[in-house]
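Here's the structure we're looking at; comments come further down.
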Amino acid sequence: MTWAGWVAVVAAVLALVALGFAVAAWRSQTRIHRRLAGQSATGERARTLAQQVDDEGDTVAFVANPSKPDVAALREAIHRVVAELGLPDPLWFETTVEDPGVGQTRAALAAGADVVVAIGGDGTVRAVAEALVGTGVPMGLVPLGTGNLLARNLDIPVGDPLGALRTALTGSDRTIDVGWLRVLRFEHEVVDDVARAADPQPEGSDAPRDHIFLVIAGLGFDAAMVADTDDALKAKVGWMAYFVSGFKHLRGSRVRVHVRVDDEKPTTTRLRSLLVGNCGRLPGGLTLLPDAVVDDGWLDLAAIDTRAGIAGWAQLFGEVVLQGWGMRNPAQHKIGRIDHRRAREVRIVVPGGEHAQVDGDVVGRVVEVTARVDPGALVVRTA
């Protein structure tokens, strides 16, 4: 079959998959609305939850992204649940275009919040976490985004806002590591609302600035895929939109990268993507970093490369699936491969510049960055 034929086949498969996920997403939204409209913690369940709350005097603050369609209904459900648990009236803050949640979280802390719950997608989670790092105040999660990366890695219910709310109010506190991506050159060309809200700088300043990530930061194919994802399609089919975007970049060029891990000598290589992760579980059951543990004090690196066109990508996909099942392909000469190692800090130079992303938020093209781990810097509520 010709290359054009393969493209047509794959496009048709993607279209069918996208249609299936669109139907699934619509059904999921319908179920969520029904739950929010009619389900509350009543009767025996309310008493059970109340017994699980360690301190009935705890003040809970919610930092919500109002652009998410379920937020209004969820706010009503939150007030019902909190009242039935006998907790104080919650604090409520909404994010803005100018501030995705950093300032709101700081305001919640100033008001005496004992727990701050992020309601929204990965960007909202990053913003709330940015303000909570080092405070010891737990962060709860009610995931309403496309990827919901941290929630998936912590086994917090995705697609069940009230289940996630119960975890945020009655779960256990767990200390996790935090990753920081620092742009060393051309920071003024980078766009990250979270970093800008946390560390305002004069316009045009090139002073290095940290960009928080809790799951994965990446340069190359993965960041270009995220940057090119259609927002309208993402709203309809969720994370499957990333695969549609990724298909457009399968024929892209390999990137020349200089990498220095900890105090070792720098190495130079060509690859498709370089990932630096705190944990590695992605939507769709994929695990890019099978050895990554969110509280082990290490960052896990994955160098991804393919050759020979679609065949290389097919082998790479097989590698990812196998490692998700705990198996590795020991063959040395592969046209699609993913190589792993660990680091406390890594320095990356891409002479030609390359897209970079942190937890799915594209920050733009970068030339030189470092990534480091901040062990045990954040407390989160888990089941």
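The values are calculated or read from the model by the stated rules, or taken from the named source; none is laboratory data. In this text, all values refer to a predicted model and were calculated from it rather than measured experimentally. As a convention, Cβ positions derive from the backbone with ideal geometry for all residues, glycine included, and neighbour counts pool all protein chains shown. Side chains are part of the model used for accessible areas, which takes the heavy atoms of the whole protein and leaves out ligands, DNA and RNA. Shrake-Rupley method; radii C 1.70, N 1.55, O 1.52, S 1.80 Å.
Scanning region 344-383 for residues that are acidic (Asp, Glu) and under 25 Å from residue 264 (Cα atoms) turns up 345, 354, 368, 374.
Considering region 263-354, the qualifying strands (runs of 3 or more DSSP E), each wholly inside and each with 1 or more residues that are open to solvent by 60 Å² or more (accessible area, probe 1.4 Å), run over 267-271, 336-343. Can you pull out every residue in region 249-262 that is at pLDDT below 95 and either on the phi > 0 side of the Ramachandran plot or outside any strand (DSSP E or B) (or both)? Once the filter is applied, which keeps residues that are at pLDDT below 95 and either on the phi > 0 side of the Ramachandran plot or outside any strand (DSSP E or B) (or both), region 249-262 yields 249, 250, 251, 252, 253, 254. Remark: pairs (first residue in region 160-181, without any contact (Cβ under 8 Å) to a residue 12 or more places away in the chain and in a helix (DSSP H, G or I); second residue surrounded by fewer than 24 Cβ atoms within 10 Å (Cβ to Cβ) and not charged (D, E, K, R); Cβ separation under 8 Å; 6+ apart in sequence or on different chains) = 163/157.
Contact map, region 78-96: first residue within 15 Å of residue 117 (Cα to Cα) and in contact (Cβ under 8 Å) with a residue 40 or more places away in the chain, second residue of a type in the set (A, V, I, L, M) and part of a strand (DSSP E or B), Cβ cut-off under 9 Å, separation 6 or more or different chains; pairs are 78/60; 78/117; 78/119; 78/142; 82/60; 87/60. Scanning region 361-383 for residues being open to solvent by 30 Å² or more (accessible area, probe 1.4 Å), within 24 Å of residue 320 (Cα to Cα) and not β-branched (Val, Ile, Thr) gives a total of 1. Would you call residue 147 open to solvent by less than 50 Å² (accessible area, probe 1.4 Å), in a loop (DSSP other than H, G, I, E, B) and closer than 28 Å to residue 350 by Cα? For residue 147, the condition - open to solvent by less than 50 Å² (accessible area, probe 1.4 Å), in a loop (DSSP other than H, G, I, E, B) and closer than 28 Å to residue 350 by Cα - is met. Only a single item in (1) more than 25 Å from residue 191 (Cβ to Cβ); (2) of a type outside the set (Val, Ile, Thr); (3) modelled with pLDDT of 95 or more is not met by residue 377, and it is number (1). Within this structure, residue 244 passes the test of being modelled with pLDDT under 90, aliphatic (A, V, I, L, M), at negative phi and surrounded by 19 or more Cβ atoms within 10 Å (Cβ to Cβ). Restricting the first member to region 106-118 and to residues that are in contact (Cβ under 8 Å) with a residue 40 or more places away in the chain and closer than 10 Å to residue 63 by Cβ, and the second to residues that are among the polar types (S, T, N, Q) and open to solvent by less than 40 Å² (accessible area, probe 1.4 Å), the beta-carbon pairs closer than 6 Å and six or more apart or on different chains are 113/59; 116/105; 118/124. Do we find a residue being in contact with a strand residue (DSSP E or B) (Cβ under 8 Å, 6 or more places away or on another chain), open to solvent by less than 30 Å² (accessible area, probe 1.4 Å) and part of a strand (DSSP E or B) anywhere in region 92-102? Within region 92-102, none of the residues are in contact with a strand residue (DSSP E or B) (Cβ under 8 Å, 6 or more places away or on another chain), open to solvent by less than 30 Å² (accessible area, probe 1.4 Å) and part of a strand (DSSP E or B).
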